[in-house]
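What follows is a short report on a single structure.
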Amino acid sequence: MKQNIELIIFDWDGTLFDSVGQIVASLQYAAQQFEQPLTDEAAKSIIGLGLPEVMQILFPQVPHLHQELLQCYADHYVANSKGDVWFNGVAELLMDLKQQGLKLAVATGKSRKGLDRVLAQTNSHALFDITRAASETKSKPDPLMLQEILAEMDVAVERAIMVGDTSYDLEMAQNLSMPRIGVSYGVHSIETLQQYQPLTIAHNVQDLHGYLQSLLKVADLTES
């Protein structure tokens, strides 16, 4: 990549925030309360999608229970997620990028209410120039949330990078021809992520930090 990078867009769960285990546990809890079958793998596979889409995929046989399942899931998640934290190195990564003048954004499958809660939990509202939740736009992999972020930030697509741990993140970016980076420490496998031609796949936050720094240095050299 030779063009200057202005904006880095992060997925939240499984990319910045170590919450995959709690999401699966809360989905399992909700399924059990309504006697619906659900494997851990099925629950894990849909992380990143908007909650209505999650219900449609996991519980298509009981559409009349979707709202109750969603509420049960949300209540359990909030009551039990106090231990969820950023992955090791995320705070340093975000603050470093911010200090270098990068614009930072979040594009997540969470609801706005859920995203605002974890932004407050991590005291990170001020780190992000813009955030977009699935409840206020279309769910991944539709690229609408990325288009909205680009428009509001007035950034060209080739000057932005999407970072995520799922096929939904990378497909969303690919649909716009936006450069993208996969991370293998979240939900989807390296093999799955590679199908969407990411610039790289980082195996931990330190790998991600180092790769982004290398891109920024290349961009600085080409601009000078």
> Quick one: Kirkwood hydrodynamic radius for the range 20-80, alpha-carbon pairs, angstrom, one decimal?
Replying inline: 11.2
>> Net charge within 12 Å of Gly89 by Cβ-Cβ distance, Lys/Arg positive one each and Asp/Glu negative one each, not counting Gly89 itself?
In response: -4
>> Nothing charged except the Cβ atoms of Lys and Arg (+1) and of Asp and Glu (-1): what's the magnitude of the dipole of the range 84-161 about its Cα centre? Round to the nearest 20 debye.
In response: 240
> Each residue of the range 93-105 in turn: what ³J(HN,Hα) in whole Hz from Karplus with 6.51, -1.76, 1.60 and θ = phi - 60°, glycine and Pro shown as x?
Replying inline: 4, 5, 5, 5, 4, 4, 5, 7, x, 6, 7, 10, 9
>> List the lysines whose Cα sits under 27 Å from the Cα of Lys103, skipping any in the same chain fewer than 8 residues away.
In response: Lys2, Lys113, Lys138, Lys140, Lys217
> Can you give the translational diffusion coefficient of the range 114-222 in µm²/s, computed by Stokes-Einstein from the Kirkwood radius over Cα pairs at 10 °C and 1.306 mPa s?
Replying inline: 107
> Taking K and R as +1 and D and E as -1, what net charge do the other residues with C-beta under 14 Å from the C-beta of Val155 add up to?
Replying inline: -3
> Can you list residues whose amide H is under 5 Å from Gly50's amide H, if they're 5+ apart or on another chain and H is modeled 1.01 Å from N?
Replying inline: Lys140
>> Can you tell me what share of the DSSP beta bridges in the chain is antiparallel? A percent to the nearest 5 is fine.
In response: 5
>> Show me, for the range 115-125, the HN-Hα J-couplings you get by feeding each phi into the Karplus relation (A = 6.51, B = -1.76, C = 1.60, θ = phi - 60°), rounded to Hz, glycine and proline as x.
In response: 5, 4, 5, 6, 5, 5, 4, 9, 6, 10, 3
>> Given the -39500 (n - 2.57) contribution per DSSP H run of 4+ residues, what per-residue ellipticity at 222 nm results for the chain, rounded to the nearest 500 deg cm²/dmol?
In response: -14000 deg cm²/dmol
> Loop-only check: which trypsin sites (Lys or Arg not before Pro) in the range 1-109 are DSSP coil with at most 14 other Cβ within 10 angstrom?
Replying inline: Lys2, Lys82
>> Restricted to Cα positions, what overall size does the range 1-118 have along the principal axes? Three whole-Å values, descending.
In response: 51, 29, 24
> Amide H neighbours of Phe17 under 5 Å, counting only residues 5+ apart in sequence or on other chains, H built in-plane at 1.01 Å?
Replying inline: Phe87
> When the accessible area of the chain is computed with all protein chains present and a 1.4 Å probe, what percentage of it is carbon and sulfur?
Replying inline: 50
> Check Ala202: other-chain or 5+ apart residues with amide H under 5 Å from its amide H, H built from backbone geometry?
Replying inline: Gly182, Val183, Ser184
> Which ³J(HN,Hα) values in Hz, rounded to whole numbers, follow from the phi angles of the range 17-27 under the Karplus curve 6.51 cos²θ - 1.76 cosθ + 1.60, where θ = phi - 60° and Gly and Pro get x?
Replying inline: 10, 7, 10, 4, x, 6, 4, 4, 4, 6, 5
> Helix 205-223 sits at what angle to the longest principal axis of the chain, using alpha carbons and giving 0 to 90 degrees rounded to 10?
Replying inline: 30
> Of the GluC sites (Glu not before Pro) in the range 1-65, which ones lie in a loop per DSSP and count no more than 15 other C-beta atoms within 10 Å?
Replying inline: Glu35
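The values are calculated or read from the model by the stated rules, or taken from the named source; none is laboratory data. Here the structure is a predicted model, which is why all the values come from computation and not from measurement. Cβ coordinates were reconstructed from backbone atoms using ideal geometry, including for glycine residues, and neighbour counts include every protein chain displayed. Protein only, heavy atoms only, side chains kept; ligands, DNA and RNA dropped before computing areas. Shrake-Rupley method; radii C 1.70, N 1.55, O 1.52, S 1.80 Å.
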